[in-house]
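The values are calculated or read from the model by the stated rules, or taken from the named source; none is laboratory data. As the structure is a computational prediction, the values presented were derived from the model and not from experiment. Heads up, the Cβs are rebuilt from the backbone with ideal geometry, glycines too, and the neighbour counts pull from every protein chain shown. Heads up: the accessible areas ignore ligands, DNA and RNA and are worked out on the full protein's heavy atoms, side chains in. Shrake-Rupley method; radii C 1.70, N 1.55, O 1.52, S 1.80 Å.
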Amino acid sequence: MKTKFIFFFFALGFLTNETCAQLKYLNEATQVPAHPRILLLKDEENAIAKNISADPTWASLNQLIIDESNKIVPLPTLERIQIGRRLLDKSRECLRRVFFLSYSYRITKDKKYLERAEVELVKVSQFSDWNPSHFLDVAEMTMGVSIGYDWLYDDLSVTSKGIIKEAILKKGIEPSLDKKYNSWLKASHNWNQVCNAGMTYGALAIYEENPALAQQIIDRAIESIKLPMEDYKPEGAYPEGYSYWGYGTSFNVMFLDAIQRVLKTDFGLSETAGFLKTAGYLQNMVGSSGKNFNYSDAGNGSGLSPAMFWFADKTKNSNLLFTEKQYLQGKDKSMNRDRLLPATMIWGKNISLEKVTEPKEMIWVGQGKNPVAMMRTSWSKPDAIYVGLKAGSPSVNHGHMDVGSFVMDANGERWSMDFGMQEYESLESKGVKLWGMAQDSERWQVFRYNNLTHSTLAFDSEFQKVEGYATINSASKNPNFLSARTDISAVYKGKATSVNRGVAIIDKKYVLVKDEIKAAENETTVRWAMLTPAEVKINNDGTAELTQKGKKLQLKVSSPSNVTLKTWSTQGSHDYDAPNTGTTLVGFEIKTPANSSISLDVLLIPEENQVNSKIKILPLKDWK
């Protein structure tokens, strides 16, 4: 007891000024329920069981989790093997294993899941540390261990509980009190969301052992997490893109749900402007090809998002689950790798999937730090056209020089694409200073990260201006002229006095990309380029025929009439650049005289669709 008493005050000595302040949201009398108290309270398994018996889709997901738990049981326990600066893959696998096993035990009461989870929990708790220098590793490990400790509390051995509890305190919570490791408290990106969620789970798990410290950690998190939640304003567009929405927002929801369940309030956080709207952002980010609009540091795949079930339940809008329902019914073959998958059963326990219907809106626009517009001709037709347009700034966290870039799907394929991220360790291991965001930072030398390899413009082969920013200026919901336009002049400062881009789906048949440029005082060469995974054939009539998987799309320059289409290699010039096989840049270059104005009109026409040769293309000012 004396040792604990000394440690408690030693830990308090590390608290930041914010944490040392008087409690703002909790108080010394704040009580919490008995274990289990995180996410799923005692006997709430009954509601899940009822849902399973009523709906074969829910029954199938439940069985998938149990089957995966059976695969985990014979696996060797995790070892503390660090890759570069990260232990993150081990932390994530611990969270996945413990969450799956603990869920399976609570649902089936089969002790093999309890016993296997206990072995894993003890093993990771005996690691020398959880790598606080890269605090995401600590956060995810703490969350996983805390879920296991809380959910299995009544059945863990006394010895195991002591080991696990001590690890949560010393390897999870204690490092978060050290200023050397907790800069994320003042960050406005995914680190804040993930780390505050992990520390809060730790505090909730061992609340009765150190109530004062637990209260400080939770109180600190409630205040700190407001920073990234402000970034959802005004419509819910997440600045860091699809993949990091899946990370930051999912852990934000894990945090909100946990404190709501325990404290009976989330202190108004879920009502932050734009936050509940962000489910619409994610839903619209996936195109008719099944690929996401993967701007910034994102992969191009898509899959089930457990957090979407929280949003659907919170807003009482089951139509947010139109795509998620398809994933559940077999379109996502990798759900078993999602470490948060059991939360789907918890957040979906009051949702009838039979009531999920097709969304009606065909365009979604979000402003904020990284504005985007996404439009489509149908949610269910396999040949639907989909376009995503990116505005924003390269300066955002995980940003690329991709302002003005677009992706396009038609006939089930992606025709205009984005590379997205390059795996970080492949760059960091070569000494690339990846995280500098200044104009001259080495980050922009990475082939995939600058505007020369995105479906956007370049002037004299120069990079976009990092400090530049663009909004979505207007958009149209007209089903025969779905469109959005953006003023991207700021990222081309010094090269042009005005650069405006508009993208439209016309008559549900084809796509128009229109650029209006007013040149600066010197002549420049403008390059229009589109990144594509298709084979490109330049025809004698000045068009390009794009082919992939037996399907075709025509690229036609309507204006100016004197351009010559060409292609560029997508192989980077540095040894650290990832190979980009099977991709091509197609487009054209044109000289713009000093102080001149020019309009670039490019049509993307899926096969079997016809375009009137006398089509009148409206100036952007008339796009209403």
Partners for residue 112 among lysines (Cα-Cα distance below 30 Å; same-chain residues under 8 apart left out): 42, 50, 71, 90, 123, 161, 165, 170, 171, 333, 349
Length-normalised contact order of region 56-170 in % [C-alpha pairs under 8 Å, at least 6 apart]: 29
Positive minus negative residues near residue 423 (Lys, Arg vs Asp, Glu; Cβ under 11 Å): -2
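Could you work out the local net charge near residue 404, counting Lys and Arg as +1, Asp and Glu as -1, over the other residues with Cβ closer than 9 Å to its Cβ?
Numbers: positive: 390, 501; negative: 402, 515.
Spelling it out: positives minus negatives among the neighbours equals 0.
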Whole-number accessible area per residue in Å² for the chain, which is evaluated in the context of all protein chains at 1.4 Å: 39
Neighbour net charge for residue 435 - beta-carbon separation under 10 angstrom, K R +1, D E -1: 0
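Of all accessible surface on the chain at a 1.4 Å probe, what whole percent is carbon and sulfur? Can you show the working numbers first?
Numbers: 12270 of 24340 Å².
Of the solvent-accessible surface of the chain, carbon and sulfur hold 50 percent.
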Three principal axis lengths of the chain [C-alpha, angstrom, descending]: 84, 52, 42
Radius, Kirkwood style, for region 116-233 when every pair of distinct Cα atoms is counted (Å): 14.2
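Pull out a ≥ b ≥ c, the square roots of the eigenvalues of the alpha-carbon gyration tensor of region 479-531, then state rounded if a/c is under 1.5, prolate if not and a/b is larger than b/c, and oblate in the remaining case. Show your work: numbers first, answer last.
Working: a/c = 3.30, a/b = 2.30, b/c = 1.43.
Taking the square roots of the gyration eigenvalues as a ≥ b ≥ c, region 479-531 is prolate.
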Length-normalised contact order for region 156-255 - Cα pairs under 8 Å, 6+ apart - percent: 32
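For region 46-171, compute Rg over Rh where Rg is the Cα radius of gyration and Rh is the Kirkwood radius from the inverse mean 1/r over Cα pairs.
Values: Rg = 15.1 Å, Rh = 15.0 Å.
Here the Rg-to-Rh quotient is 1.01.
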Principal axis dimensions, region 342-490 - Cα atoms, whole angstrom, descending: 52, 41, 29
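Among rounded, prolate and oblate, which fits region 495-597 when a ≥ b ≥ c are the square roots of the eigenvalues of its C-alpha gyration tensor, a/c under 1.5 means rounded, and a/b larger than b/c means prolate?
Values: a/c = 1.95, a/b = 1.25, b/c = 1.55.
It is oblate, given that a/c is not under 1.5 and a/b is not larger than b/c.
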